[in-house]
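Visitor: I'd like to ask some things about the structure below.
The values are calculated or read from the model by the stated rules, or taken from the named source; none is laboratory data. All values reported here derive from a predicted model rather than from experimental measurement. In this analysis, Cβ positions are derived from the backbone assuming ideal geometry, glycine residues included, and neighbour counts consider all displayed protein chains.
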Amino acid sequence: MMAGRNERDQSAVQSLSRGLTVLRLLARRGEATATEIAAELGLHQSSASRMLRSLEREGFVCKPSFRRFALDYGVLVFAGATMEGFPEVAASVSACNRLNAKTGWNAAAAILREDRLVYLARISGAGNAADFVSASDFPIHRSSLGLVLLHRQRGRRMIPALARSMARHGPDEAGRSPEALYEFVHAEIERRGVLALERYGANAFNVAGLFQTRRGMASLALFGPDPKVRIDDVVGVLKEALRDLEARLATKPKAVRKE
């Protein structure tokens, strides 16, 4: 009897895992056929079709066209119902809006999941409102947000992650190796307490630091194209914003290592 129960439990866990994988796949691709999903999961097409029908009955998946599946409104209902449990999202949106209104600079906050940035908030251009909660395929080795988050993992894990990102998207702006980029980021954070980049990509300045949430570390960045902006001024504004964010989230400050 116990063996049968364990087998049922394992089957339920496996089904849940596969169902979540399907949702992640559709979130990434937009649409997919049962055949494509079966190939991704290593399943027979009939098994994938049964899983998709179950998700469709629950309102998580729909068929926008013949044979193709996409996420349905049930995902939004689920996300909306849980959003109140993520105070870091509201705090990040508020911080980005305030910083943009005060300085005119671009601002963004993000976390790192599976080598991908997930933006908690992002605002570009003066006078705009912040977008919130969106995944990004932007190369993490070219992102100040991604680099400060990776740096927490230190070289043992950061360097392989940088190598994976470079293999997919090419080298960083200076053509550095993963090891050289890690050393550069480490030295800069040790010196300033945050990562401050000048003339990096399309931005004249790009400064990012960490703030603590109850689920772990997130990053906040200020960036923009104006070459007249002094990088030290941006560093000062960012550090103050990080302290304010952690105070709002009622966590112990850990983002700024040095003043």
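Visitor: Restricting the search to the stretch 229-244, which residues are buried (at least 17 other Cβ atoms within 10 Å of the Cβ) and either part of a loop (DSSP other than H, G, I, E, B) or not assigned by TED's automatic domain parsing to the domain that holds residue 204 (or both)?
Guide: 229
Visitor: So, one more: Among (1) of a type in the set (Gly, Ala, Ser); (2) under 21 Å from residue 157 (Cβ atoms); (3) part of a loop (DSSP other than H, G, I, E, B), which single condition is residue 175 missing?
Guide: Residue 175 satisfies every listed condition except (2).
Visitor: Tell me, which residue of the stretch 178-194 that is under 23 Å from the mean Cα position of the chain (by Cα) and under 22 Å from residue 240 (Cα atoms) is surrounded by the most Cβ atoms within 10 Å (Cβ to Cβ)?
Guide: Ranking the candidates gives 194 first.
Visitor: In the stretch 152-173, how many residues are within 16 Å of residue 190 (Cβ to Cβ) and surrounded by fewer than 19 Cβ atoms within 10 Å (Cβ to Cβ)?
Guide: Counting residues in the stretch 152-173 that are within 16 Å of residue 190 (Cβ to Cβ) and surrounded by fewer than 19 Cβ atoms within 10 Å (Cβ to Cβ) gives 4.
Visitor: Go through the stretch 44-97 and count every residue that is touching a Gly at 6+ places or on another chain (Cβ under 9 Å) and small (Gly, Ala, Ser).
Guide: Counting residues in the stretch 44-97 that are touching a Gly at 6+ places or on another chain (Cβ under 9 Å) and small (Gly, Ala, Ser) gives 4.
Visitor: Quick one: which strands (runs of 3 or more DSSP E) sit completely within the stretch 16-114 and have at least 1 residues that are among the aromatic types (Phe, Trp, Tyr), touching a strand residue (DSSP E or B) at 6+ places or on another chain (Cβ under 7 Å) and free of Cβ contacts under 8 Å to residues at least 60 places away in the same chain?
Guide: Fully inside the stretch 16-114 and qualifying: 68-71.
Visitor: Here is a follow-up. Identify, from the list 121, 109, 101, the residue that is modelled with pLDDT of 85 or more and either over 21 Å from residue 239 (Cβ atoms) or surrounded by fewer than 16 Cβ atoms within 10 Å (Cβ to Cβ) (or both).
Guide: 101
Visitor: Then there is this: Within the stretch 149-192, how many residues turn out to be among the aliphatic types (A, V, I, L, M) and without any contact (Cβ under 8 Å) to a residue 24 or more places away in the chain?
Guide: Residues that pass the stated criteria total 7.
Visitor: Keeping to the stretch 44-70, report how many residues are of a type in the set (Lys, Arg) and under 16 Å from residue 31 (Cα atoms).
Guide: Going through the stretch 44-70 one residue at a time, the tally reaches 4.
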